[in-house]
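First up is the structure itself, then whatever we jot down about it.
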Amino acid sequence: MSVYGNKADIPTTRIIPKKKKDLIKTIIDQRQLIILILPFMALVLVFNYLPIWGWIMAFQHYVPGKGISGSQFVGIANFIEAFTDDNFINSIKNTLLTSILKITTGFLSAITLAVMLNEVRSIAFKRTVQTISYLPYFVSWVVAVNIVYMALSPADGIVNILLTKSGLVKDPVPFMGEPKYFYWVVALSNVWKNVGWNAIIYLAAMTGIDPELYEAASIDGAGRLRRIFAVTLPCITATIKILLVLNIGNLMNAGFEQVYLLSNPSNISASRTIDVYIYTYALRSGRLSYGTAIGIFNSTIAITLIMISNYISKKIDGYGIF
Amino acid sequence: MKSKLSQLILLMVVSLLIISGCTTKTPTVTGETSTKAPEATKAAAPEEEVVLPEIPSEITMFNGVALTATTPAWDTPIGQKIQELTGVRLNVEYLVGTDIMTKANLMTASGVYPDIVAAGETAGTFIAANAFIKLDDLIDQYGENIKKIYRPKELELSGLQNDGIYIIATNRPALDNLYPAAGFYLNYDVLKEAAFPVVKTLKQYGTLIKNYMAAHPKYGDADTIGFTLPTDGYRVTALQYGGPRFLGGYPNDGVTAVEQDTLQAHLVMKMSCTKDFLVFMNDLWNAGCMDKETFMQKDDQYLAKISSGRVLGIYDQRWAVINGLSALENNGYYDRTLVAFPIVVDGVEKEYYRGPYAFAVQGVSITTSCENPEGVFCFLDRICAEDIQKLNYWGIEGEDYTIENGQFTRTLEQWTNSFNSDYQKSQGLGQFNFLPRYEQTDHEVYAKFSDGNWVNPALNQEYNDVRYKDYEKEILRNYGINTFCDFFEPAYAALYQPGWAARQQLPQDSAEFIASEKALELSTEYHARIVQADPSQVDALWEEYQTKLDAIPGLADYEAKITEIIQTSAQYYGD
Amino acid sequence: MAKKTQVRILSSIGYKRLTAEDLLIDVINYIALILLCVITLYPFINTLAYSFNNAIDSVNGGIYLFPREFTLRNYEKILVENPAISTALFISASRAIVGGSLSVFATLCVAYLLSRRNFVFRKVLTPFLIFTMYFSGGLIPSFILIRNLGLINNFLVYILPGLVGAYNVMVMRSYIEGLPESLIEAAKIDGASEYRILFTIIWPLSLPVIATITLFVAVGQWNAWFDTMLYCGSSPKLTTLQYELQKLLTSASAYASNDSDAMMNSGEAVANAVTPTSIRTAMTVIAVTPILFTYPFLQKFFIRGLTLGGVKG
């Protein structure tokens, strides 16, 4: 990384004892910590882990009237049905493409915005821009998608007007009318709606940067741009890494509301993501077993992904999130 | 620092405990207050007069639709009157934010229900979960008023669908004699220019549009739009099967078209009328007469186009475009309004746009969690009494209508109020249609009050004159007709259970139902593609589409099952 | 004077004179940010305009920055004619304030503990927490659990299940790990207990991230309605603002099942005087306005920055 990097030092000696009686001694030593964290972990256990018993529904043919104990056991029939359904396989592909694009553009845009805001010296301007930039976050997707449709309309949408008037394209582009544009529409509208909000974390992290580092850098002769790359970015690397690893786990989750609202008969081959598939074929028909089975599939992939990305992260600089 | 933080946390914890204490009810979901045991129970009483059970003063209900008024119905003047007359306060929970299927699953999973549930299309789920009680005995013993206003065959049919009567229908048939419920609409200016033709066929329709567009490519600053369809979310049914089915001369049976003589049901998407519809649109598309945004517009944009007066033709149902038409009227574009026609493809003799009106479809049920089912049933029966029904349909006597010589009558102001949805919601007029009620057809017995007045204000002789606005009256005059329905075959009582109601009786996770869902999704994709394709590609694409449809397992079974349900139901219809 | 200089240092410019590079970057920066403001401000202004516009006129579309036919009717319908609104406001505010602060406190404790590298259970509890972000037992099992715990129609159901959010904990932990270890070492040498360290050292130094998480959590609580629908639907005393607002959306929304075929059986159609668009937009404005007023208060913590000299070990 850089000379002006993170000031936290990383100890390399083994801290947690291996032998059993040392272990018990450590627990007693750290009893204050354990007492502090215990109630909260208990809450997590109860509200997040206990409901997992419901996963058994995926191996049944669940009928709401009979409940879980009364429903018939069908083994992995639901899983087989999903994987032999073309629509489902297609939805996996759509989900991945959409998510990858969303995550990439989301990250780049949020970090860029945070850096740009960090460079602003006028407090008033900085605050104003920050407040305005996160406003779309609060507008519901229903309203936001209506605006997107209007802006992208080939007849009188502002985007097409700018594109044709400036001569970049000859004819208006039917953004919402063709599957190939769909992933970009989702990613970019997501950026527009969330960039301000997502940048908040990075800005908070940037306030933690020791100003002496900037001094040192400029004394060494680094220009403005260089200082950004030498000080600002490395100092928030830890934050970026955490968020990146956590978001990679979300690869199978392309968001339901936004995608569902943006889909229409013309782009349906691209807009059928896993969540939309579940909504159409599982939730709306009351096929909870089927929906649960697909949900288990999603979760397994997500956890595998996060373990892989954590492993890679550790390989890079010895520091992963767990 | 430490003390400040811990003080803060302490404050928060205390607040939490206080708020929880104040807002928690004793944990039952049902109405648990003041239900008294039935005072004198039934059958064995040797007296002449049956002593009715006591009605509880608070009843809970879940209504499977979304709330559309800001003032809950029970707080309106009419609601207050009903409360006085019945002595009951109804606590209603409405469907919020999810679809009813999810909510039904949650409720059946919890096993605890409010006293009454209006389950809509998910009734099957509740019945399978043993959530509802049978009402047959209760109707026999206490259902005085219900027996008066529900046709016997209808109750029988309700009993047929499951192994007993679980539902009292509240989606009662209603006639709108003034406007057709659905149709292929044409811009009035087109009709004027063509000297008021009566449009009967698809070909005629298409020609009128094309000719007009050639003569008037623009309206004001904007382009004229020859034809468009609603395609946003669930509205896409117009594209999937709504339009084609009527074109083929079949009544509204949902996804299926039913042969009227043999009662065989076929999937609309496989029939030639669908292909004709798609070819028609493809033709318009390539002639530049179709809205290029048809398949990528939100409902708001669609309605905005209608209200701008630029649109020449659509296929839609009136209730879905009414806001657009109102806005059009508001803007004063009277001669750009849309008039509906029952067009069909060549070779079809009879059209069924206004079609059959049906019974025994959706309604309310009493749940097994109810502690006093007899009492609650008596409440439902009391609601069916004439005095309350008059409140719901006509309003408060003296305020909303008066009686002259035994006839209900209204002043112009009262009529205008009754059309205003704001007034309806704040007064409570027509806000109790989620409870058992009269039907609003033109039946001499079941749709009239005992004093001879029609239940449905629309059948009152003053209505047509008051309802139609001046510009509409001009259109009627130019055509020499009395109502906009005169172009259409009259509506009639159904001869069998409609296909869309039959569909709701299939278990939702059955292979057949899923097959129909897959077919619908396929149709969305292919219909859009066929319309936008090059004319030379249309046949090939249609073949591809049909092959894929045939490949869906269970589709033929779906048609067979629907046919079966329809045929069995036929004996309970038509009196 | 000193404070002003301190604040000015925070951008990377240091206190040297402006160079040409600085100026160029500033100009590009300012222009780009202004453009961003324009496109992000637009949806909100547009929403505001629709919310003040006559509902039937809104159907015509074409409203961009200003209402065409000004009216307060939409707000009237929501705020004045709806008796449940005051309860809803109270409950939502309570959730945001009480639930928010407790959740932030919980997050802080857990994040601090997981940041201690010598914490004996760290390697176990961290994945334990993180994995919760990626799976769910499902709606029905969760519902049954809540019911069995007696939390149906109980205010606590808004607070307890989501008290510790894995994402928030990770963000906070990452920040705390970036704090200088030396301070904590020094405090330990002085004999301070873990509680003392948490409250006297970590808490003041972590204000930026605490402000951030407070914002996330409070906004989440303020906007929540799905849990109201699931668990408190039959309890009018526990209704929340967004839930009341969601109620007002007619069945012509994307989610509510609407059998258009069945609708044709129902007779005459009546136009709505308040359309979904006008309700949605008024809803958005009502829900967002309190947040707009609270955020500047939290923003102070971002700008304040690290005051190294402030806390001596």
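The values are calculated or read from the model by the stated rules, or taken from the named source; none is laboratory data. Since the model is a prediction, treat every value here as computed from it, not as a measurement. Note: ideal-geometry Cβ built from the backbone for every residue, glycine included; neighbour counts use all protein chains shown.
Points worth noting:
- Looking across the range C:51-89, the residues that are of a type in the set (Ser, Thr, Tyr) and either on the phi > 0 side of the Ramachandran plot or within 10 Å of chain B (Cβ to nearest Cβ) (or both) come down to C:Ser58, C:Thr87.
- The single condition among (1) of a type outside the set (Gly, Ala, Ser); (2) within 28 Å of B:Gln80 (Cβ to Cβ); (3) not assigned by TED's automatic domain parsing to the domain that holds B:Lys81 that B:Asn464 does not satisfy is (2).
- Yes/no for B:Glu84 being among the charged types (D, E, K, R) and in a strand (DSSP E or B): no
- Any hit, the range B:527-535, residues being of a type in the set (Asp, Glu) and within 22 Å of the chain's Cα centre (by Cα): no
- Tally of residues being within 12 Å of another protein chain (Cβ to nearest Cβ), in contact (Cβ under 8 Å) with a residue 24 or more places away in the chain and charged (D, E, K, R) across the range B:98-141: 3
- With respect to (1) within 21 Å of A:Ala204 (Cβ to Cβ); (2) assigned to a helix (DSSP H, G or I), the lone exception for C:Val164 is condition (2).
- Selection from the range B:233-250 of residues that are surrounded by fewer than 24 Cβ atoms within 10 Å (Cβ to Cβ) and not in a helix (DSSP H, G or I): B:Gly248, B:Gly249
- Residue check, A:Ile228 out of contact with any strand residue (DSSP E or B) (no Cβ under 6 Å at 6 or more places or on another chain), within 27 Å of A:Leu135 (Cβ to Cβ) and buried (at least 22 other Cβ atoms within 10 Å of the Cβ): no
- Of all residues in the range A:133-144 being more than 7 Å from every other protein chain (Cβ to nearest Cβ) and in a helix (DSSP H, G or I), the one that is surrounded by the most Cβ atoms within 10 Å (Cβ to Cβ): A:Trp141
- Test: residue in the range B:214-225 that is crowded, with 24+ Cβ neighbours inside 10 Å, assigned by TED's automatic domain parsing to the domain that holds B:Leu312 and over 30 Å from B:Phe126 (Cα atoms): yes
Residues checked against (1) under 25 Å from C:Met172 (Cα atoms); (2) assigned to a helix (DSSP H, G or I); (3) at pLDDT 85 or above:
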{"position": "A:Tyr214", "(1), (2), (3)": "yes, yes, yes"}
{"position": "A:Ala217", "(1), (2), (3)": "no, yes, yes"}
{"position": "A:Arg227", "(1), (2), (3)": "no, yes, yes"}
{"position": "A:Val231", "(1), (2), (3)": "yes, yes, yes"}
{"position": "A:Ala238", "(1), (2), (3)": "yes, yes, no"}
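- Only listed residue being closer than 24 Å to B:Tyr179 by Cα, over 24 Å from the mean Cα position of the chain (by Cα) and in the same structural domain as B:Glu474 (by TED's automatic domain parsing), chosen from B:Gly248, B:Gly332: B:Gly332
- Residue within the range B:210-219 that is among the small types (Gly, Ala, Ser) and in a strand (DSSP E or B) present: no
- For the range B:520-535, taking the residues that are closer than 17 Å to A:Pro174 by Cβ and of a type outside the set (A, V, I, L, M, F, W, C), the one that is nearest to the other protein chains (Cβ to nearest Cβ) is identified as B:Glu525.
- Filter pass, A:Ala205 being closer than 30 Å to B:Met101 by Cα and either more than 8 Å from chain C (Cβ to nearest Cβ) or modelled with pLDDT under 90 (or both): no
- Flag for C:Phe131 being of a type in the set (Phe, Trp, Tyr), in contact with a helix residue (DSSP H, G or I) (Cβ under 9 Å, 6 or more places away or on another chain) and under 28 Å from A:Ile303 (Cβ atoms): yes
- Applying the condition of being surrounded by fewer than 20 Cβ atoms within 10 Å (Cβ to Cβ) and more than 8 Å from chain C (Cβ to nearest Cβ) to the range A:44-58 and asking which residue is farthest from B:Ile133 (Cα to Cα) yields A:Leu45.
- Answer from B:Ala493, B:Ala540, B:Ala502 - the residue that is touching a helix residue (DSSP H, G or I) at 6+ places or on another chain (Cβ under 7 Å) and aliphatic (A, V, I, L, M): B:Ala502
- One residue alone among C:Ser182, C:Ser234 is among the polar types (S, T, N, Q) and either on the phi > 0 side of the Ramachandran plot or assigned to a helix (DSSP H, G or I) (or both), and that residue is C:Ser182.
Conditions tested, residue by residue: (1) without any contact (Cβ under 8 Å) to a residue 40 or more places away in the chain; (2) touching a Pro at 6+ places or on another chain (Cβ under 9 Å).
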| site | (1), (2) |
| --- | --- |
| B:Ser307 | yes, no |
| B:Tyr315 | no, yes |
| B:Ile343 | no, no |
| B:Gly347 | yes, no |
| B:Ala358 | no, yes |
| B:Gly375 | no, yes |
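- Residues within the range A:94-145 that are among the small types (Gly, Ala, Ser), within 22 Å of the chain's Cα centre (by Cα) and under 26 Å from C:Phe293 (Cβ atoms), tallied: 5
- Residue in the range B:387-397 that is surrounded by fewer than 21 Cβ atoms within 10 Å (Cβ to Cβ), assigned to a loop (DSSP other than H, G, I, E, B) and among the polar types (S, T, N, Q) present: no
- Filter result (at the interface with chain C (Cβ under 9 Å from one of its Cβ atoms) and closer than 24 Å to B:Met296 by Cβ) within the range A:248-278: A:Glu257, A:Tyr260, A:Leu261
- Flag for C:Ala96 being touching a Leu at 6+ places or on another chain (Cβ under 6 Å), surrounded by 16 or more Cβ atoms within 10 Å (Cβ to Cβ) and either at pLDDT 90 or above or not in a helix (DSSP H, G or I) (or both): no
- Given (1) touching a strand residue (DSSP E or B) at 6+ places or on another chain (Cβ under 6 Å); (2) within 9 Å of chain C (Cβ to nearest Cβ), index of the condition A:Ser289 fails: (2)
- Failed item in (1) at the interface with chain A (Cβ under 7 Å from one of its Cβ atoms); (2) β-branched (Val, Ile, Thr); (3) surrounded by 22 or more Cβ atoms within 10 Å (Cβ to Cβ), with C:Thr132 passing the rest: (3)
- Condition met for B:Ala519 (farther than 23 Å from B:Pro342 by Cα, in contact with a helix residue (DSSP H, G or I) (Cβ under 8 Å, 6 or more places away or on another chain) and not acidic (Asp, Glu)): yes
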